[in-house]
Every structure is written in structure tokens, then in C-alpha cells.
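Here is the structure we will look at, set down as C-alpha cells.
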Amino acid sequence: MSKRVHEAPGGHSPGPEIVVRTAIPGDLGIVSSRHMEFYGREYGFDLSFETYLFEGMTRFLKNRERGLGQAWVAERSGNVLGSIAIDHSDEDTGQLRWFLVEPECRGAGLGMRLMKEAMGFCASRPYRRVFLWTFSDLLAARHIYGKAGFRLAEEVRHVIWGRELTEEMWEIFLHDAQARL
């Protein structure tokens, strides 16, 4: 079922509606392409990031076939403007993945709308805990994670995807999430 978001990007006058919907075949190819383009351009990630994306997506697709994961995209006029997914990690843990809102759509609440969709899915599953990996440079995403109730649980400084960065693991226990969202 599609859900409509009525906020306009950047608070401008509304144009065509942004629809948040469950991913359909082909969407994850767009999601991976957008991630490669954005992180390559903005953060200098190398081609090893593509391997990381595809390995994770292969696992996710197998889990989703078994009903253990879901992905969503935000689109307007057929253009994907954002994404988020929940992958199955173990019997009581989900992993939030591929959260991205295109820069021109930030600041309009779309990131929180995607987050609410993903966390609602988790609440309907036996997941007690949800975690995600990000890196310290992603200030806007980190803000949304904190607002949704995630807490920084681990930091690792290392060279990955062609550059040195601080990876962060954030987590939430679902009884905390219900109060926030």
C-alpha cells in the first residue's frame, strides 16, 4: 500500500506528491546506483563500496523472499528520492540499511517518514533490537537516528571504501522506539 507524504522539499510550495511505497523489482538497482553515485561524489568512496552494497543486497533479497525483510522507496513522478530497508540479522534483531534521502529533498520530513515506515515494520516482527552502521560524517542521518531513539553503541576508526573514517554502530531496543515515533 502506498503512503503519501504531503511535505514539499525544502518547505517550498507543493508539487507532485512524494509517495513512500514498498520496493518493487528493480528498485534496489536504483537504490544501489544512487548510493554509489552519492557516496562516491560526496565522500570519495571507491569501487569496494559497490561490492559491499551488492553483498548486503543479495543477503537481503534472500531474507525478503522468506518474509524477513522489507525495503521502501520514496518517489515523485517516477524518480526515486529516498530509500530505507530492514534486513533480518537474527531471530530478534533487524538491521536498518540503505537509508538515503536525496540532498534536494532534505529538511522536509521525508527522512523521518521513511524511518517511521521501517520502524513500524520492525514492530510488527519479533524484533526486539534494531541496529545500523553509518559513519561520523553523516550528520543529518545521525540526527534522524537520534531523534528516532537510536543510540550510538560502538565506534571503529579504520580504512574502508578507499578512505579513513569512523564507522558507528547505532542501536535501539524497540520498546524505546514506540515512545519516540
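Nothing in this text is a laboratory measurement; each read-out follows from the coordinates by a stated rule. From a predicted model like this one, the values you see are computed outputs, not experimental measurements. Positions of Cβ are backbone-derived with ideal geometry, glycine not excepted, and every protein chain shown enters the neighbour counts.
Close amide H contacts of Leu81 (hydrogens built in the peptide plane, cut-off under 5 Å, sequence separation of 5 or more or a different chain): Ala74, Glu75, Arg76. For the peptides 139-148, 94-103, residues were scored by their other Cβ atoms within 10 Å and the scores averaged per peptide; the highest-first order is 94-103, 139-148.
Kirkwood hydrodynamic radius, computed over distinct alpha-carbon pairs, for the range 51-159: how many Å, to one decimal?
Numbers: mean 1/r = 0.0681 Å⁻¹.
So the Kirkwood estimate lands at 14.7 Å.
Full extension of the chain between Val19 and Leu139 yields a length gain of 40.7 nm, computed as 0.36 nm times the residue separation minus the alpha carbon distance.
Taking only C-alpha pairs under 8 Å that are 6+ residues apart, what is the relative contact order of the chain in percent? This gives 19 percent for the chain. Taking each residue as 0.36 nm, the span from Met169 to Glu65 lengthens on full extension beyond its C-alpha to C-alpha distance by 34.8 nm.
Could you give the length gained by full extension between Thr58 and Glu91, i.e. 0.36 nm per residue of separation minus their alpha carbon distance, to one decimal place?
Contour length minus Cα-Cα distance gives 10.0 nm.
With unit charges on the beta carbons (Lys and Arg positive, Asp and Glu negative) and the dipole taken about the Cα centre of the range 91-166, which residue among Leu138, Gly111, Gly162 sits farthest to the positive side? Comparing the listed Cα positions along the dipole, Gly111 ranks first. Scan the chain and note any complete DSSP helix (H) whose C-alpha atoms cover at least 18 Å along its axis and whose Kyte-Doolittle average is -0.5 or more. Membrane-span-like by this criterion, though nothing is claimed about a membrane: 110-123.
Computed from point charges on the beta carbon alone (+1 for Lys and Arg, -1 for Asp and Glu), the dipole magnitude for the chain about its Cα centre is near 620 Debye.
For the options Ser33, Ser89, Ser77, a Gaussian network treatment of the chain with springs between C-alpha atoms closer than 10 Å singles out Ser77 as fluctuating the most.
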